[in-house]
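The values are calculated or read from the model by the stated rules, or taken from the named source; none is laboratory data. Computed from a prediction, not measured in an experiment: that's the story for all the values here. Positions of Cβ are generated from backbone atoms using ideal geometry, with glycine treated the same way; all protein chains shown enter the neighbour counts. Ligands, DNA and RNA are stripped out before the accessible areas are found, and what is left, the full protein with its side chains, is counted by its heavy atoms. Shrake-Rupley method; radii C 1.70, N 1.55, O 1.52, S 1.80 Å.
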Protein chains: 2
Amino acid sequence: MTTGLRERKKLRTRRALGAAALELAVRHGLAEVTVEQIAEAADVSPRTFFNYFSSKEEAVVAADLERAGEMVDRLATRPADEPVLESVRAVTRAMLGEPGARRKEWVRQVRLVRANPALVPHQLAAYAAIEQRLAAVIAERAGMGADDLYPALTATAVMAATRVATTRWLDSDGRTELADGIDEALDLLTTGLGHPPSRAP
Amino acid sequence: MTTGLRERKKLRTRRALGAAALELAVRHGLAEVTVEQIAEAADVSPRTFFNYFSSKEEAVVAADLERAGEMVDRLATRPADEPVLESVRAVTRAMLGEPGARRKEWVRQVRLVRANPALVPHQLAAYAAIEQRLAAVIAERAGMGADDLYPALTATAVMAATRVATTRWLDSDGRTELADGIDEALDLLTTGLGHPPSRAP
DNA sequence: CCGCAAAAATGCAGACTCTGCAAGTTCGCG
DNA sequence: CGCGAACTTGCAGAGTCTGCATTTTTGCGG
């Protein structure tokens, strides 16, 4: 087992801090929340907070980073001969299907980011970190290096597709299905962006 | 004319601050530079610095934001019946061709970002701002709304392509031509990411 | 040319962020 | 058990960033 009591406790603390940050930010507004409050809510000292995150923004975004990381992990387990974008499709649908309380948490977080432009840079930074890992997975599939153009570009494009679809879904305010939006975006990437899609079917 | 003396002076101050921030960061390392030093170098008070930028990171990245904005402006002047990705190609080549001292400045800046991960979020935030405008231009071309999927996704994808190509170009350390890399990336987007490109020609 | 109202720049106080360092505490391995 | 590594914590200090009141510039109409 890779999980000593030590590691588990650290993870719990980390999550507690992230959750507290999100909770407080949603309730009082990001700007009104101080690191001291977050630390107190998670029952650690302010100094300890900074041992885990370098800012409250990072803490708020941490859960999403973890989530995206899990997505890449799952991607790595898909059959190697499946086209990459198909794998993404499958994993996305799977993750969107399962959710319990985590999904609600995620939606709150995404909404918070929209409401606080100050969070955007941090969210993007988190995604950028994931992109690296995603590129590695794609590269392996394609039998290329992680720094070849195709894997790198595909990784960013996939993240972009997800982001755009998510944004549109939020804007639609429940009138669309997120998984469908992501499918549509992935379709566009698959067939190429050379021309606008012909009129809706 | 839209440019009163007032506006011009403001722009000059803004640029002076950005340039000073970049210069100092390159010379002494980003972490070693304080807002006070930047302000002094630009001959304004520290307080004034914050009237223009909300952090030194933002100041460092400002020039690139301006540059990207110019790119979108030029894009808007291309013939409306030209395929979007072709327009991007043309504008990119044009801007990469012209440069005088500005290009060197840009390269320094991009290198600085690579060396300081702390800048990544800010760089990405700048690009995200541009994406909005880019999406609007693309939407107009395609006769769609700026929040339709195609324009939004294409805009992010184009930015992503540029970013990836730039990164790869930097890594290649002068052994490749940036414009070629961007072309290649745009080709991929045009033909679709469904399959890895067949072996090199 | 003059003087005025708007726009900018500035100084200052104060709250908060974040880091290094030097203790304490806790955990798990032998 | 008992020790060393890993964590947490407190503290001091430099720096960031904001609001507010004040002073300086600038553009304009008379």
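Entry remark, region A:130-143: residues being in contact (Cβ under 8 Å) with a residue 60 or more places away in the chain and within 9 Å of chain B (Cβ to nearest Cβ) number 1 in total. Just wondering, is there one or more residues in region B:100-113 that are away from DNA strand D (no atom under 11 Å from the Cβ), free of Cβ contacts under 8 Å to residues at least 40 places away in the same chain and not in a helix (DSSP H, G or I)? Within region B:100-113 (the criterion being away from DNA strand D (no atom under 11 Å from the Cβ), free of Cβ contacts under 8 Å to residues at least 40 places away in the same chain and not in a helix (DSSP H, G or I)), the answer is yes, since at least one residue qualifies. Counting only helices (runs of 4 or more DSSP H) wholly contained in region B:1-93, the ones carrying 2 or more residues that are assigned by TED's automatic domain parsing to the domain that holds B:Glu140 and in contact with a Leu (Cβ under 7 Å, 6 or more places away or on another chain) occupy B:56-76.
Screening A:Arg103 on (1) away from DNA strand C (no atom under 14 Å from the Cβ); (2) surrounded by 17 or more Cβ atoms within 10 Å (Cβ to Cβ) shows it passes everything except condition (2).
Conditions tested, residue by residue: (1) surrounded by fewer than 22 Cβ atoms within 10 Å (Cβ to Cβ); (2) under 13 Å from the mean Cα position of the chain (by Cα).
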{"site": "A:His122", "(1), (2)": "no, yes"}
{"site": "A:Ala139", "(1), (2)": "yes, no"}
{"site": "A:Met144", "(1), (2)": "yes, no"}
{"site": "A:Asp148", "(1), (2)": "yes, no"}
{"site": "A:Pro151", "(1), (2)": "no, no"}
{"site": "A:Val158", "(1), (2)": "no, yes"}
{"site": "A:Ala161", "(1), (2)": "no, yes"}
{"site": "A:Leu178", "(1), (2)": "yes, no"}
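Among the residues of region B:10-44, the one identified as of a type in the set (D, E, K, R) and open to solvent by less than 80 Å² (accessible area, probe 1.4 Å) is B:Glu23. Report, by residue number, each residue of region B:106-117 that is of a type in the set (A, V, I, L, M) and open to solvent by 60 Å² or more (accessible area, probe 1.4 Å). Once the filter is applied, which keeps residues that are of a type in the set (A, V, I, L, M) and open to solvent by 60 Å² or more (accessible area, probe 1.4 Å), region B:106-117 yields only B:Ala115.
Total residues in region A:144-158 satisfying the condition of being of a type in the set (A, V, I, L, M, F, W, C), in a helix (DSSP H, G or I) and at the interface with chain B (Cβ under 8 Å from one of its Cβ atoms): the figure is 4. If the condition is being more than 18 Å from the chain's Cα centre (by Cα) and open to solvent by less than 70 Å² (accessible area, probe 1.4 Å), then region B:45-54 contributes B:Ser45, B:Pro46, B:Thr48, B:Phe49, B:Tyr52. Can you spot a residue in region B:127-134 that is at pLDDT 90 or above, of a type in the set (Phe, Trp, Tyr), under 13 Å from the mean Cα position of the chain (by Cα) and surrounded by 17 or more Cβ atoms within 10 Å (Cβ to Cβ)? Yes, some residue in region B:127-134 is at pLDDT 90 or above, of a type in the set (Phe, Trp, Tyr), under 13 Å from the mean Cα position of the chain (by Cα) and surrounded by 17 or more Cβ atoms within 10 Å (Cβ to Cβ).
Of these, B:Leu189, B:Leu193, which one is open to solvent by less than 60 Å² (accessible area, probe 1.4 Å) and in a loop (DSSP other than H, G, I, E, B)? Answer to the selection: B:Leu193.
Okay, residues lined up against (1) more than 14 Å from chain A (Cβ to nearest Cβ); (2) near DNA strand D (Cβ under 10 Å from one of its atoms); (3) polar (S, T, N, Q):
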| residue | (1), (2), (3) |
| --- | --- |
| B:Leu11 | yes, no, no |
| B:His28 | yes, no, no |
| B:Thr34 | yes, yes, yes |
| B:Ala39 | yes, yes, no |
| B:Val61 | no, no, no |
| B:Met71 | yes, no, no |
